[in-house]
4 protein chains.
Amino acid sequence: MVKPYERKINYYETDKMGIVHHSNFVRYMEETRLYYMEKQGIPYESIEKQGLLIPVIGIEVKYKKAIHFGDTIVIQQWIKKMSSIKFSVFYEMRDKETGILYATAHSEHCFVDENLKPVRFKKEYPDLYENFALAALEDKAELEKNRE
Amino acid sequence: MVKPYERKINYYETDKMGIVHHSNFVRYMEETRLYYMEKQGIPYESIEKQGLLIPVIGIEVKYKKAIHFGDTIVIQQWIKKMSSIKFSVFYEMRDKETGILYATAHSEHCFVDENLKPVRFKKEYPDLYENFALAALEDKAELEKNRE
Amino acid sequence: MVKPYERKINYYETDKMGIVHHSNFVRYMEETRLYYMEKQGIPYESIEKQGLLIPVIGIEVKYKKAIHFGDTIVIQQWIKKMSSIKFSVFYEMRDKETGILYATAHSEHCFVDENLKPVRFKKEYPDLYENFALAALEDKAELEKNRE
Amino acid sequence: MVKPYERKINYYETDKMGIVHHSNFVRYMEETRLYYMEKQGIPYESIEKQGLLIPVIGIEVKYKKAIHFGDTIVIQQWIKKMSSIKFSVFYEMRDKETGILYATAHSEHCFVDENLKPVRFKKEYPDLYENFALAALEDKAELEKNRE
């Protein structure tokens, strides 16, 4: 089990409303994905070195509560709906101290080569696919355990 | 009818994939909203001066095609589902020259005061509400016309 | 003579102080450079297509006055100290309406290839060099005229 | 002695050159300042709660080497030239593993109230002033020790 991603808010991420600008949540999601990949032994740098890119094809964020400068957020992610060409990730952002839910989110991804052409991930990168599928399975097991 | 929002891509908005980073689409959506509000005679500055803020409570983006440095994008928006306390906006981002669809998106908003407490918009800001409702009606009419 | 670069402030460029975050000035400088290059017939896209990159090797910004959301800024630039391998650019950011000086700045640049190796610009890209040198001369003439 | 500020590069901080966009160095400098203030027992949040703001009035960055995604940077800072109304900070950014120097930088700051009016820091905030002056002294001592 990977420890959730944790990070402090940077001053430059706030806007004149006095809270974190909503676009930054999308960046926190990316940080979380890359953190998890690294912890699971598949750092994104190593994937790019194999000529593979994993662009975002969809995002959705539901903002529940404003985040302020000085807050520390904790983000958990679970891989969901892993297929041979796509996968999606679900996120929960909470306050480190209070546990308050800041946002839920999800992102969808596919696999492309350096010319941004789709790649049949499972077939062309079987080892990498297995790593992803394994992580997805673990995430599923954990989610089910949490639900009990 | 407001002319669609148009803007060039900034170099610093690209990432090492060589394309616009996906988080910037969320910023382009904000630019578009504020542009439309200004064109419809309700600039956001004037709204903030009345002590009203319009935070984002949800976003969704579907990425269709990568945007590159050098491209000029054209973004249209339509207000949808206007209620007395919330509204949502739908966006279409296209290439200025080719018309290619880069992304569709939507955002949801509510109204709060300077302490981020919800405001019953229709009741407390009847004039502003009318402006919004009118813009929403125009957008609806236009969408229906396009569909024919 | 190229018309100065003009742009409105985006909401997401403000921070919780209620003003434009200082890091964005550096981005406005880049926007200005690329705008001028395009207007002078040497768009940066065309330069990159020749395998040439122009990284920033130094910047300096002096902040005179806070910029607010709703302001429109006008930025002028002048190429200074053009050599066969380097050049520097000087900037003045003012308010469009009041002419108030927001900041002065300068940036230094060199020329590298796609592997970030230095390129002897004047020797290897004589045509491009001439364009730059010409723009620098025009800028110098204009600055001297202004001074009179 | 405060441990230097350390941070990994985020993917969204790169640009199409494949390296960290130069504007982000200015943001790393801010992160470093706020980190040091917190470690020295004067978190910026507590300063803002007293109605005091510390805007940036000048920055300078000298870029020595490109930073890539996957790198971890280590940033040290030293307060220099502390006066009763201003101070400046000097920065060194290095690679965590190799020690390679990525950039040197400096920033200048003053003290203002919430309406951005200058504040005579030493006179109006004597306790806070002492904290800053002490930190500056420590930094000076350390720099001199390093030089020996």
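We did not get these values from a lab; they are worked out from the coordinates using the rules stated. What you see is a predicted model; the values in this text were computed from it and never measured. Counting neighbours? That spans all protein chains shown, and the Cβs are built from the backbone with ideal geometry, glycine included.
Assorted remarks:
- The protein assembly as shown: calculated mean residue ellipticity at 222 nm from DSSP helix runs of at least 4, using -39500 (n - 2.57): -10500 deg cm²/dmol
- The protein assembly as shown shape via C-alpha gyration tensor axes, a/c threshold 1.5: rounded
- Gain on full stretching of the segment that runs from C:LYS62 to C:LYS81 - 0.36 nm per residue minus C-alpha separation: 4.9 nm
- Per-residue shielding of B:55-65, expressed as the average number of other chain Cβ atoms within 10 Å of the residue Cβ, stands at 6.
- A cut-off under 13 angstrom between Cβ atoms defines the neighbours of B:ASN146, and their net charge, with Lys, Arg +1 and Asp, Glu -1, is -3.
- Take B:ALA133, move 7 Å from Cα toward the beta carbon, and the resulting point lies 5.7, 6.3, 6.9 nm from the same point in each other copy, nearest first.
- What the Cβ-Cβ distance of C:LYS140 and B:LEU116 gives, at R0 = 51 Å and to the nearest 0.05, is a FRET efficiency of 0.45.
- Separation in nanometres of the label points that stand 7 Å from Cα toward Cβ, at A:LYS3 and A:ARG147: 2.9
- For the stretch B:57-118, the set of trypsin sites (Lys or Arg not before Pro) satisfying both a DSSP loop assignment and a count of at most 16 other C-beta atoms within 10 Å is given as B:LYS64, B:LYS65, B:LYS81, B:LYS96.
- Angle between chain A longest axis and helix A:23-39 axis [Cα atoms, degrees, rounded to 10]: 50
- Label-point spacing at A:MET1 relative to the other copies reads 3.9, 5.8, 7.0 nm, in ascending order, each point sitting 7 Å out from Cα along Cα→Cβ.
- Distances between copies at D:LYS64, taken between label points 7 Å from Cα along the C-beta direction, are 3.4, 4.6, 4.9 nm in increasing order.
- Rounded to whole Hz, the Karplus (6.51, -1.76, 1.60) HN-Hα couplings of the stretch B:88-94, x for glycine and proline: 10, 10, 10, 10, 10, 10, 10
- Descending semi-axes in whole angstrom, ellipsoid equivalent of the stretch C:74-148, from the Cα gyration tensor: 28, 15, 9
- For the stretch D:83-142, the list of GluC sites (Glu not before Pro) that fall in a loop by DSSP and count at most 14 other C-beta atoms within 10 angstrom reads D:GLU97, D:GLU114.
- Residues of the stretch C:60-86 with an amide N closer than 17 Å to a point placed 7 Å from the Cα of B:LYS49 along the Cα-to-Cβ direction: C:68-72.
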